[in-house]
Amino acid sequence: NTLPDILDGLKPNMFWAAGKLFALRQCAAPCVMLDTDFIVWETLNLPDDGILCAHREDISDDVYPDPRNYNMRGGYAFPFNTPENLAVLPCNTAFALFTDNQFKEYYLDISFDFMRNAIVCDDGLTRMVTAEQRLLAMCAEAKGVPIRTLLDKNRLFLPQDGFTHLWGAKGALRANPVERKKFYARCKKRISTDFPNQYFAVKFIQSFEH
């Protein structure tokens, strides 16, 4: 088990999603990066250009503070300093379609350069979402790459049946076995009705507790 050179020196609790960005580098576009806690229940019509992500995210000081104020290694300059680029809303990359290999590599170069130059700290959120999600939107803005979304960020908590994104609910389900079993049952029922040909994969599973 050899750590890829590109991940060498990155602190895991700061850049916990760096591994999937390394995996993305191994995939030629067009390709999709999909988190295991994001369920796609419907067939998608994928665009031939640009980026398709789960949804946009608002910029807030607790999640997306001004990245120019991060403690970085000497000589590093944050690449996007215009007011227009700093105002671009980040992309939630629980789902991210890349259609152009050259742009994908450009984004990954910018992201890994940021991660390698970040001074080690106890921050387990803002640096990673900047590297993965905010920089993606900034790179697209800089290169004129269009961004589309699966979901409207202003309607995330309204009823819809195309997608399930657990995100923070994972913690609640881990802590509550009763609700966890109810969620498993709902998923199994949906699979049985919407995807009967695939139901064999889950129909004999009696418990997910172990």
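State which entries of Lys11/Lys170; Lys20/Lys104; Lys182/Lys203; Lys104/Lys143 exceed 18 angstrom in Cα-Cα distance in the structure shown.
Result: Lys11/Lys170 exceed 18 Å.
Which value, in Å², gives the accessible area per residue of the chain when a 1.4 Å probe is used on the protein heavy atoms?
58
Please identify the chymotrypsin sites (Phe, Trp or Tyr not before Pro) of region 147-193 that satisfy two criteria: DSSP loop assignment and at most 15 other Cβ atoms within 10 Å. Which are they?
Answer by residue number: Phe157, Trp167.
I'd like the distance separating the alpha-carbon centroids of region 117-174 and region 62-84, in whole Å.
18
For Asn92, list long-range residues whose amide hydrogen, built 1.01 Å from N in the peptide plane, is under 5 Å from its own amide hydrogen.
Close amide H contacts, sequence-distant or interchain: Ala54, His55, Arg56, Glu57.
Counting other Cβ atoms within 10 Å of each Cβ, which chymotrypsin sites (Phe, Trp or Tyr not before Pro) in region 87-154 have at most 12 and sit in a DSSP loop?
Of the chymotrypsin sites (Phe, Trp or Tyr not before Pro), not one in the loops of region 87-154 has a Cβ with at most 12 other Cβ atoms within 10 Å.
Using the Kirkwood radius over C-alpha pairs as Rh, can you work out the diffusion coefficient of region 50-172 via Stokes-Einstein at 25 °C, viscosity 0.890 mPa s, in µm² per second?
D = 160 µm²/s.
Leaving ligands and nucleic acids out of the surface, order Cys27, Cys121 by accessible area at 1.4 Å, largest first.
I get Cys27, Cys121, largest accessible area first.
Per residue, what volume in Å³ does the Cα convex hull of region 103-145 take up?
Value for region 103-145: 55 Å³ per residue.
Could you give the size of the charge dipole of region 1-112 about its Cα centre, using +1 on the Cβ of each K and R and -1 on the Cβ of each D and E, expressed in debye and rounded to the nearest 20?
In debye, rounded to 20, region 1-112 gives about 360.
With only Lys, Arg, Asp and Glu charged, each at its Cβ (+1 for the first two, -1 for the last two), find how big the charge dipole of region 82-166 is about the Cα centre; round to the nearest 20 debye.
Rounded to the nearest 20 debye, it is 140 debye.
How many times 2.2 N^0.38 Å is the alpha carbon radius of gyration of region 1-103?
Dividing the Cα radius of gyration by 2.2 N^0.38 Å gives 1.24.
Using 1/(1 + (r/R0)^6) with R0 = 41 angstrom and r between the beta carbons of Lys153 and Phe200, what's the FRET efficiency to the nearest 0.05?
Step by step, r from the Cβ atoms, then E = 0.65.
Over the chain, calculate the relative contact order: mean separation of alpha carbon pairs under 8 Å at least 6 apart, over the residue count, as a percent.
30
With θ taken as phi - 60° and the coefficients 6.51, -1.76 and 1.60, list the Karplus ³J(HN,Hα) couplings across region 155-162 in order, rounded to whole Hz; mark glycine and proline as x.
Result, rounded to whole Hz: 10, 5, 9, 9, x, 7, 10, x.
From Cα pairs below 8 angstrom and at least 6 apart in sequence, can you work out the relative contact order of region 81-168, rounded to a whole percent?
Once divided by the residue count of region 81-168, the mean separation gives 41 percent.
Provide the per-residue ³J(HN,Hα) series for region 90-103, in order, calculated from phi with Karplus coefficients 6.51, -1.76, 1.60 and θ = phi - 60°, each as a whole number of Hz, with x at glycine and proline positions.
After applying 6.51 cos²θ - 1.76 cosθ + 1.60, I find x, 9, 6, 9, 4, 10, 8, 9, 10, 9, 10, 5, 5, 5 Hz.
Under the rule of at least 5 residues apart or a separate chain, name every residue whose amide H is placed under 5 Å from the amide H of Thr149.
Cys53
Whose amide H sits under 5 Å from the amide H of Ile39, counting only residues 5 or more places off or on another chain, with H placed in the peptide plane?
For Ile39, whose amide H was placed from the backbone, the distant partners under 5 Å are Thr164, His165, Leu166.
Explain nothing, just the number: dipole magnitude of the chain about its Cα centre with +1 on each Lys and Arg Cβ and -1 on each Asp and Glu Cβ, in debye rounded to the nearest 20.
Dipole magnitude for the chain comes out near 860 debye.
Which entry in [x] -0.24, -0.57; [y] -0.28, -0.62; [z] -0.33, -0.72 matches log10 I(q)/I(0) by the Debye sum over Cα atoms at q = 0.08, 0.12 Å⁻¹ derived from the coordinates of this structure?
Computed from the coordinates, log10 I(q)/I(0) by the Debye sum over Cα atoms at q = 0.08, 0.12 Å⁻¹ corresponds to [z].
Cα-Cα pairs above 15 Å in region 50-118: how many percent?
That tail contains 64 percent of the Cα-Cα pairs.
What GluC sites (Glu not before Pro) in region 11-117 are in a loop by DSSP, with at most 14 other Cβ atoms within 10 Å of the Cβ?
Glu42
The values are calculated or read from the model by the stated rules, or taken from the named source; none is laboratory data. This is a predicted model, so every value here is computed, not measured. Every residue, glycine as well, gets a Cβ built from its backbone with ideal geometry; the counts of neighbours run over all protein chains shown. To get the accessible areas, we keep the full protein, side chains included, count just its heavy atoms, and leave off ligands, DNA and RNA. Shrake-Rupley method; radii C 1.70, N 1.55, O 1.52, S 1.80 Å.
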